[in-house]
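To start, the structure itself, in structure tokens.
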Amino acid sequence: MKKTIAVIPGDGIGPEIIAEARKVLEKVAAKYGHTFVYDEVIAGGCAIDQFGTSLPKEMLEKCLASDSVLLGAVGGPKWDGVAKEIRPEAALLGIRSALGLYSNLRPARLFPQLADASPLKPSIVAQGIDLMMVRELIGGVYFGEKRTVTLENGERRASDEMVYSEHEIERVARVAFETARKRRKKVTSIDKANVLDSSRLWRAVVHRVAEEYPDVECSDMLVDNTAMQLVKNPSQFDVVVTENMFGDILSDEASMITGSIGMIPSSSLGEGTRGMYEPIHGSAPDIAGQNLANPIGTILSAAMMLKYSFDMPEEAERIEQAVSDTLDAGFRTADCMSEGMTRLSCS
Ligand code: IPM
Ligand code: MG
């Protein structure tokens, strides 16, 4: 099969980890007779340096013309002072929105080999951690109206609107239930319905969708309690579905309990098969270029791309197995290093 992949190395450790993922994809291509054509996209801070904006139109067009997008990471302190419209993060949000990628799947699974890298007590880790966070990706407070006004007394006031319409909740809820059907058939919907109207609507719509899935167990959990339950008893979760900002925060927490945020891939999909695949960690400018980055989150993102966008489940499985075999063989990156292991990085 021939597929075009828009590749966005981005900033910080992005180029290093993307280079490793490409090597893995090339191995897969050779083994299975596929051709992957890489169309390099300059987006993020590096695009600000080169073009004065983080997502030039022709770069977005390359993403729209591709079969799928693979991204490293964007951002860094170098661009802290730039206007918000052209910030590196605006490129990410812009691509997600332009491609209509409303559902973001972030698996948090403990590799048994990394059990001692988890900050949780062994008695908790022993119960196992294998959850799929389904994060709504193109709505909510990250996309609501943002305003900063100066009051009459000279004080500034800022607001960000958190808005959800029923259809936005419904479509991502459906993804969560469909995902649960292929797993342990349990959905936990996260909200703050004791305070927020947008959460009360969220809960009502999730319950309505749940009726179409009588074989899937559905329950609600408040977001603050979820933050606690994730460290107290993570084995209770199968599929977790939540709105954009709660999902952003909780997915970092969920990743850390599995040992390292560097291990976690993600997929972002909309209605079609074209998605965007990226590790959930950031650009880590503090360790860029020092051979310290963990490329596994990106390599596993490439595996998700093969599975969800290219319908290559066997190839994806092969990559996941190779990651597991590498850990079995005693190789670790700096973020999950432990005694007696051999340290590796991107080159
Ligand atoms: C993530 C990141 C992004 C987000 C940032 C970089 C805009 O934190 O993918 O989780 O908030 O979605
Ligand atoms: Mg985040």
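A few points about this structure:
- Ordering 67-73, 149-155, 84-90 by mean Cβ neighbour count within 10 Å, with the highest value first, yields 67-73, 84-90, 149-155.
- The stretch 112-171: C-alpha gyration tensor shape, a/c 1.5 cut-off, then a/b vs b/c: oblate
- Three-way shape label, the stretch 265-325, alpha-carbon gyration tensor, a/c 1.5: oblate
- Farthest toward positive dipole pole in the chain [+1 Lys/Arg, -1 Asp/Glu at C-beta], among 72, 214, 95: 214
- Between residue 50 and residue 322, the FRET efficiency estimated from the beta carbon spacing at R0 = 45 angstrom works out to 0.85.
- Residue-normalised accessible area of the chain, expressed per residue, 1.4 Å probe, Å²: 44 Å²
- Considering only the chain, percent of DSSP beta bridges that pair antiparallel, nearest 5: 40 percent
- Efficiency of FRET between residue 225 and residue 337 - r from beta-carbon atoms, R0 35 angstrom, step 0.05: 0.60
- Distance between the modelled labels on residue 185 and residue 207, one decimal in nanometres: 2.3 nm (7 Å Cα→Cβ projection).
- Each distinct pair of alpha carbons in the stretch 216-337 adds a 1/r term; the inverse of their mean, the Kirkwood radius, is 16.1 Å.
- Extension gain, residue 233 to residue 170, is 19.9 nm, computed as 0.36 nm per intervening residue step minus the present C-alpha separation.
- Here the gap between residue 126 and residue 156, fully extended at 0.36 nm per residue and compared with their Cα-Cα distance, gives a gain of 5.8 nm.
- Cross-link pairs beyond the 19 Å C-alpha cut-off, checked among 2/31; 3/27; 2/307; 182/307; 2/57: 2/57
- Packing-based ranking of 31-37, 115-121 yields 115-121, 31-37, ordered from highest to lowest mean Cβ neighbour count within 10 Å.
- With all protein chains modelled, accessible area of residue 22 [1.4 Å, Å²]: 80 Å²
- For the stretch 137-278, the antiparallel share of DSSP beta bridges with both residues in that region comes to about 45%.
- Rounded if a/c under 1.5, otherwise prolate or oblate - the stretch 179-223, Cα gyration tensor axes: prolate
The values are calculated or read from the model by the stated rules, or taken from the named source; none is laboratory data. Not measured: the values here are computed from a predicted model. Glycine gets a Cβ as well: all are built from the backbone with ideal geometry, and neighbour counts include every protein chain shown. Ligands, DNA and RNA are stripped out before the accessible areas are found, and what is left, the full protein with its side chains, is counted by its heavy atoms. Shrake-Rupley method; radii C 1.70, N 1.55, O 1.52, S 1.80 Å.
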